[in-house]
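Student: Right, I'll just put the structure down here and ask away after.
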């Protein structure tokens with residue numbers, strides 16, 4: 001699983017509708033739950049494009065704000081967004097971002 005995040009909590013408010021986004025890639029053959037401690041307590045939801053789309057699999061994506069975990073179905077890329085409550089008022093500076101997780105591969109079987 002690869003978890004990528006962007007937000008504008010530091011620096012300019014580049015998107016007045018959103019605080020940030022998580023993009024989650026699950027290339028495995030099973031659903032995966034990943035802990036993203038840095039985002040615990042934040043209110044992410046599946047993007048409107050995917051939530052209102054025709055793909056029932058991606059709609060099974062879940063974000064648990066209390067635990068800071070995201071669960072993504074097998075072979076799915078999900079985009080979760082956090083909406084701004086106040087319409088946005090970022091401080092001057094650069095766009096904030098951080099690396100949250102690296103891809104984890106299952107152990108290889110001996111040849």
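The values are calculated or read from the model by the stated rules, or taken from the named source; none is laboratory data. No experiment lies behind these values; they were computed from the predicted model shown. As a convention, Cβ positions derive from the backbone with ideal geometry for all residues, glycine included, and neighbour counts pool all protein chains shown.
Student: Just to be sure, is residue 53 touching a residue at least 24 places away in the same chain (Cβ under 8 Å), assigned to a loop (DSSP other than H, G, I, E, B) and more than 10 Å from the chain's Cα centre (by Cα)?
Tutor: Judged against the criteria, residue 53 is not a match.
Student: When residue 98 is evaluated against the numbered criteria (1) modelled with pLDDT under 95; (2) surrounded by 13 or more Cβ atoms within 10 Å (Cβ to Cβ); (3) in a strand (DSSP E or B), which criterion, by number, is the only one it fails?
Tutor: Residue 98 satisfies all of (1) modelled with pLDDT under 95; (2) surrounded by 13 or more Cβ atoms within 10 Å (Cβ to Cβ); (3) in a strand (DSSP E or B) except (2).
Student: For residues in the stretch 23-49 being in contact with a helix residue (DSSP H, G or I) (Cβ under 8 Å, 6 or more places away or on another chain) and surrounded by fewer than 19 Cβ atoms within 10 Å (Cβ to Cβ), which is farthest from residue 2 (Cα to Cα)?
Tutor: 45
Student: Among the candidates 12, 43, single out the residue that is in a loop (DSSP other than H, G, I, E, B), under 15 Å from residue 83 (Cβ atoms) and either at pLDDT 90 or above or out of contact with any strand residue (DSSP E or B) (no Cβ under 9 Å at 6 or more places or on another chain) (or both).
Tutor: Values: 12 fails: under 15 Å from residue 83 (Cβ atoms).
Sole residue among the options that is in a loop (DSSP other than H, G, I, E, B), under 15 Å from residue 83 (Cβ atoms) and either at pLDDT 90 or above or out of contact with any strand residue (DSSP E or B) (no Cβ under 9 Å at 6 or more places or on another chain) (or both): 43.
Student: I would also like to ask the following. Note down all Cβ pairs under 6 Å where the first residue falls in the stretch 10-39 and is on the phi < 0 side of the Ramachandran plot and in contact (Cβ under 8 Å) with a residue 12 or more places away in the chain, the second is exposed (fewer than 14 other Cβ atoms within 10 Å of the Cβ) and assigned to a helix (DSSP H, G or I), and they're at least six residues apart or on different chains.
Tutor: No pair meets every condition.
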